[in-house]
Amino acid sequence: MPIKSRIRTIPHWPKEGIMFRDITTLLQDPIGFQLAIDKLVDRYKDSDIDFICAIEARGFILGAPLSIALGKGFIPIRKKGKLPGKTISQDYELEYGTDTIEIHVDALKEGQKVLIVDDLLATGGTVFGAIELVEKTGAKVQECAFVVDLPELGGSQRLEERGIPYFKLVDFEGH
C-alpha cells in the first residue's frame, strides 16, 4: 500500500470545512512509517547538509530517525519556553493569530547547511517561521521536507516564490 493510503482524513476537524490529514495512522503502521523514512533517506543520502532541524512536535518523529540514518545532527525547533538555556526566537503567522518558535542560540553556526523537516505543509506559516529562525543564525536552509503537502493552501507556492526547494511524499487536494 502506498504512503497516502496510510494517512487518515478526519472531516470537519478542528472546524467545519477542514479535512484534517492525520499522519498518526501512518506512524502506527511500522511498514508505512519505515517506507516514509526510507523515502526521505533516499532523497537526502547524498545531500550536502550538516543538520536536520525538525519542527515541534510531529516533525521530531520524522526528523530524529532521518538524522540517525543520515549521520547528521538533530536540532529541535520548539515552541516558546520549551528549551532550557539561551535561545533565539521567531514569531510566525497562524491561520488565526501568531505563535513563536525557538532554537538554542548556539545550535547553528554561520554557513552551516540545514534540512527543515515537518509533517505537513499548509499555508507555510510555521515553516517560514523556522526558515527565518535558521537564517537568523547565519545558517542556510538547503531544502524543506514534508510528508504531506496541501497545495491549495499555498505554502508550496510561497516556498517556490522564495526560491526554497521542498520535497513532499504525498499531496492532498482540498483543505
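Take the conditions (1) within 22 Å of Glu132 (Cβ to Cβ); (2) among the acidic types (Asp, Glu); (3) at pLDDT below 95; Glu16 misses just one of them, which is (1). Elements of the type helices (runs of 4 or more DSSP H) sitting completely within the range 1-109 and holding at least 2 residues that are among the hydrophobic types (A, V, I, L, M, F, W, C) and over 17 Å from Leu120 (Cβ atoms): these cover 30-44, 58-70.
Only one of the listed residues (Val114, Val148) is under 30 Å from Leu35 (Cβ atoms), surrounded by 18 or more Cβ atoms within 10 Å (Cβ to Cβ) and out of contact with any helix residue (DSSP H, G or I) (no Cβ under 8 Å at 6 or more places or on another chain). That residue is Val148. Among the candidates Leu121, Leu83, single out the residue that is touching an Asp or Glu at 6+ places or on another chain (Cβ under 6 Å), of a type outside the set (Asp, Glu) and closer than 21 Å to Val148 by Cα. Being touching an Asp or Glu at 6+ places or on another chain (Cβ under 6 Å), of a type outside the set (Asp, Glu) and closer than 21 Å to Val148 by Cα holds for just one of Leu121, Leu83, which is Leu121.
Considering the range 141-172 alone, what residues qualify as being in contact (Cβ under 8 Å) with a residue 24 or more places away in the chain, in a helix (DSSP H, G or I) and over 10 Å from Gly124 (Cβ atoms)? Of everything in the range 141-172, nothing turns out to be in contact (Cβ under 8 Å) with a residue 24 or more places away in the chain, in a helix (DSSP H, G or I) and over 10 Å from Gly124 (Cβ atoms). The residues listed here are Val114, Val134; of these, the one that is more than 28 Å from Pro2 (Cβ to Cβ), more than 10 Å from the chain's Cα centre (by Cα) and outside any helix (DSSP H, G or I) is Val114. Which residues, taken from the range 77-131, are without any contact (Cβ under 8 Å) to a residue 12 or more places away in the chain and under 22 Å from Pro14 (Cα atoms)? Matches in the range 77-131: Tyr96, Gly97, Thr98.
If the requirement is being out of contact with any helix residue (DSSP H, G or I) (no Cβ under 7 Å at 6 or more places or on another chain), surrounded by 14 or more Cβ atoms within 10 Å (Cβ to Cβ) and more than 22 Å from Leu26 (Cβ to Cβ), which of these qualifies: Leu153, Leu120, Leu159, Leu108?
When all the criteria are applied, what remains is Leu159.
The values are calculated or read from the model by the stated rules, or taken from the named source; none is laboratory data. The shown structure was predicted, so the numbers you read here are calculated from the model rather than taken from an experiment. Using ideal geometry, Cβ is built from the backbone for each residue, glycine included, and neighbour counts are taken over all protein chains shown.
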